[in-house]
Amino acid sequence: MLGVFVPECEDSGEWKALQCHASTGMCRCVHPTGENLKNSSRVLETCVCIVHRDRQMKKGLLGAAIPACEESGYYKKVQCHEARCSCADPTSGELRGESRHISELSQLEC
């Protein structure tokens, strides 16, 4: 039906992480149960980083690396943990190359 949101599900019956409203073009990231992870956005393309970030935050581990995400849902190209920063693959979040102290951030060529 026009204007009605219809959730997309995995074969297992869980909600897909990225949910988009066909009529409005607004998308949001959700838990497998349908609970919101991120507010709706027209620029959201993926939930890969947002889901990873949510999992890390819920672990509640002191000193755990929490990924930084773009509004699109991809990983930011520079990821910092404590005082060290590294280049990261925007799709996978995998860190690449050397890490630098945050005071040397301008020396990273991502």
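The values are calculated or read from the model by the stated rules, or taken from the named source; none is laboratory data. If you're wondering where the values come from, they're calculated on a predicted model, not measured in any experiment. As a convention, Cβ positions derive from the backbone with ideal geometry for all residues, glycine included, and neighbour counts pool all protein chains shown.
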Which one is surrounded by the fewest Cβ atoms within 10 Å (Cβ to Cβ), of the residues in region 25-51 that are in contact with a Ser or Thr (Cβ under 8 Å, 6 or more places away or on another chain) and β-branched (Val, Ile, Thr)?
43
Taking residue 79, is it of a type in the set (S, T, N, Q) and surrounded by fewer than 17 Cβ atoms within 10 Å (Cβ to Cβ)?
no
If you go through region 7-33, how many residues are outside any strand (DSSP E or B) and over 16 Å from the mean Cα position of the chain (by Cα)?
14
Taking region 63-76 and keeping residues modelled with pLDDT of 95 or more and surrounded by fewer than 12 Cβ atoms within 10 Å (Cβ to Cβ) leaves none
Please return the ranges of strands (runs of 3 or more DSSP E) entirely within region 42-108 where 1 or more residues are touching a residue at least 24 places away in the same chain (Cβ under 8 Å) and within 30 Å of residue 25 (Cβ to Cβ).
78-81
